[in-house]
Amino acid sequence: MADLKDRVEGLRKAFEAEALKVGDAKSLEGLRTAFLSRKKGHVTLLFEGLKSVPAEDKREAGRLVNAFKTFVQDGLQTLEGKVRTDGRPAQALDLTLPGRKRYVGAPHPLVLFQQEIENVFLGMGFTIEEGPEIETDYYNFEALNFPPHHPARDSWDTLYITDDLLLRTHTSPVQIRVMEKKKPPIRIIIPGRVFRRETPDPTHLPMFMQIEGLVVDEGITFAHLKGTLEYFIRALFGEKIKVRFRPSFFPFTEPSAEVDIECIVCGGQDKSCRVCGGTGWKEILGSGMVDPQVLKNVNIDPEKYSGWAFGLGIDRTAMFAFGITEMRHFYENDLRFLRQFGTK
Ligand code: DAH
C-alpha cells in the first residue's frame, strides 16, 4: 500500500508540474494522453496495477486510484477553460486579476438641479411643457411684444439661421405656443436649452439652460408672483435665505422685476467675493406681470385674465447653489467633476 501511495503522490506532483506548462490545445492534449491514454496512460497503468494488490488492501487502493483519476480529470477540465481553442496562449486570460469596476451612469448635475426646481413647482400643481429649440422671429420676439427693429432685441444676442429662423434666445416663446393652444387657467413650467451669440467665459456660454414659469387665470396679481417665487426660492435654498425684488424691464411683462438672493458664498461679508462681486446679492431670475398685449396676441382677453411669468437661468443658479465658479465644467463632461454629483 505504501508503495502505491508514493506512486500516486509522485504522479500527482508530476501532473501539477506539467499542468503549469500547458499553454495551448496541443500541450493540453499531450498531458491528457500521458495520464489517461487507454494503453499507457499513468492512470490506466495504476488501475491495471490494482490486480496485484492483496485482497485486504483492494478497497483502499481502489479508492486512492479513483480519487487520483478524478483529480486528473478535474485538472484537465480547468486547463481546457484556460486554453483558447484558437490556440492562443492561456496567459492571455488571467483569471486571477481583480475584475474591472464598472460605473453605473449618474444623472448630470444640471439635470439633478432642474429636477429639484421642477419638483417644487410640481408640488404646487404646475405641469411641464416643452417647445422647439429652433424658433421663428414671431415666437421668439414679435408675439412677446418686441416690435421689429425694437432696440430691446439687442439685449438678446441672437444666432440667426435665416432672416426669420433662429435658435431661441430664451424659453419665453413656449409661453406663446402654450397659450395659443390652451385657455386659462394655465400653470406651467418650461425647461429647456437656449442659445445666444456669446464668447465663452466662466459665466457665459453660447448654449445654456433656462426654466420658464407662466400662470394665467382670473384675478392673478403681483402678490401671487411674489408669494410663489419666494416660496420656490425658500424651498430650494432654505427658509432663512434673503430675497429681494428689483424693478426691471422686459417687453413681455409690465411691471417687471428681477429677483436677487443673498450671496450664500460670502453672505455679503466679503468685498472681493468672486461670486457676488462684493454686493452680497446674486440675481437669479427675471419676472413680471404678463403684458396685456401678449395676452391679446394669443386671443386671451386681458380684461378678464391676468398672469405672471418668470425665467430663470438653470446653469447660473446651479453654479451658485453648488459653489462652482466655471460654467464650462457642466459641459466638458470630465468624469472627475461629474462623479461628485448623484450616484457614483
Ligand atoms: N426671457 C427672459 C430672459 O431670457 C427672462 C424672463 C423675464 C422670462 C421675465 C419671463 C419673464 O417669463 O416674465 O432674460
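Of the set (1) under 22 Å from the mean Cα position of the chain (by Cα); (2) open to solvent by less than 80 Å² (accessible area, probe 1.4 Å); (3) of a type in the set (Phe, Trp, Tyr), all apply to Trp156 but (1).
On the given criteria, is Glu212 within 23 Å of Pro292 (Cβ to Cβ), open to solvent by less than 10 Å² (accessible area, probe 1.4 Å) and not aliphatic (A, V, I, L, M)? Criteria met by Glu212. Looking only at residues of region 115-152 that are more than 29 Å from Ile233 (Cα to Cα) and of a type in the set (D, E, K, R), we find that the one that is nearest to the ligand (Cβ to nearest atom) is Glu135.
For region 164-185, indicate whether the set of residues that are touching a residue at least 12 places away in the same chain (Cβ under 8 Å), within 23 Å of Tyr331 (Cβ to Cβ) and open to solvent by 40 Å² or more (accessible area, probe 1.4 Å) is non-empty. Looking for residues that are touching a residue at least 12 places away in the same chain (Cβ under 8 Å), within 23 Å of Tyr331 (Cβ to Cβ) and open to solvent by 40 Å² or more (accessible area, probe 1.4 Å), one finds at least one in region 164-185, hence yes.
In region 251-279, the residues that are within 28 Å of Arg153 (Cβ to Cβ) and of a type in the set (D, E, K, R) form Cβ pairs under 7 Å with partners that are within 16 Å of the ligand (Cβ to nearest atom) and in a loop (DSSP other than H, G, I, E, B), at six or more places apart or across chains, as follows: Glu254/Asp291. Scanning region 278-314 for residues that are within 15 Å of the ligand (Cβ to nearest atom), at pLDDT below 95 and of a type in the set (D, E, K, R) yields one hit, Glu283.
Taking the criterion of being open to solvent by 40 Å² or more (accessible area, probe 1.4 Å) and either part of a loop (DSSP other than H, G, I, E, B) or small (Gly, Ala, Ser) (or both), the residues of region 262-301 that qualify are Ile264, Val265, Gln269, Asp270, Lys271, Ser272, Arg274, Gly277, Thr279, Asn299, Asp301.
Out of Leu79, Leu122, which single residue is under 30 Å from Asp24 (Cβ atoms) and out of contact with any Cys (no Cβ under 6 Å at 6 or more places or on another chain)? Can you show your working first?
On the way: Leu122 fails: under 30 Å from Asp24 (Cβ atoms).
Testing whether each residue is under 30 Å from Asp24 (Cβ atoms) and out of contact with any Cys (no Cβ under 6 Å at 6 or more places or on another chain) leaves just Leu79.
Looking at Ala257 and the list (1) modelled with pLDDT under 95; (2) within 11 Å of the ligand (Cβ to nearest atom); (3) of a type outside the set (Asp, Glu), which single condition is not satisfied? Here Ala257 clears every test but (1). Please go through region 302-344 and give me each residue that is of a type in the set (Asp, Glu) and under 30 Å from Ile186 (Cβ atoms), ordered by number. Listed by number, the residues that qualify are Glu303, Asp315.
So which residues in region 180-195 are in contact with a helix residue (DSSP H, G or I) (Cβ under 8 Å, 6 or more places away or on another chain) and away from the ligand (no atom under 12 Å from the Cβ)?
So in region 180-195, the residues in contact with a helix residue (DSSP H, G or I) (Cβ under 8 Å, 6 or more places away or on another chain) come out as 186, 188-192.
Ile186, Pro191, listed by residue number.
Take the residues in region 99-140 that are part of a loop (DSSP other than H, G, I, E, B) and at pLDDT 95 or above; name whichever of them is most open to solvent (accessible area, probe 1.4 Å). Checking each candidate, the answer is Glu130.
For region 231-238, state whether one or more residues are under 29 Å from the mean Cα position of the chain (by Cα), open to solvent by less than 60 Å² (accessible area, probe 1.4 Å), within 16 Å of the ligand (Cβ to nearest atom) and of a type in the set (Phe, Trp, Tyr). There is at least one residue in region 231-238 that is under 29 Å from the mean Cα position of the chain (by Cα), open to solvent by less than 60 Å² (accessible area, probe 1.4 Å), within 16 Å of the ligand (Cβ to nearest atom) and of a type in the set (Phe, Trp, Tyr). Restricted to region 315-325, and to residues there that are touching a residue at least 60 places away in the same chain (Cβ under 8 Å) and either in contact with an Asp or Glu (Cβ under 9 Å, 6 or more places away or on another chain) or in a helix (DSSP H, G or I) (or both), the residue that is farthest from the ligand (Cβ to nearest atom) is Phe322.
Can you pull out every residue in region 162-179 that is over 30 Å from the mean Cα position of the chain (by Cα) and either within 10 Å of the ligand (Cβ to nearest atom) or farther than 10 Å from Thr136 by Cβ (or both)?
As a first pass, look at region 162-179 and keep what is over 30 Å from the mean Cα position of the chain (by Cα): 162-165, 176, 179.
Once the filter is applied, which keeps residues that are over 30 Å from the mean Cα position of the chain (by Cα) and either within 10 Å of the ligand (Cβ to nearest atom) or farther than 10 Å from Thr136 by Cβ (or both), region 162-179 yields Asp163, Ile176, Met179.
The values are calculated or read from the model by the stated rules, or taken from the named source; none is laboratory data. Note that the structure is predicted; figures quoted are calculated from it, not measured. Don't worry about glycine lacking a Cβ; one is built from the backbone with ideal geometry, like all the others, and counts go over all protein chains shown. Please note that ligands, DNA and RNA were not included when accessible areas were found on the heavy atoms of the full protein model with its side chains. Shrake-Rupley method; radii C 1.70, N 1.55, O 1.52, S 1.80 Å.
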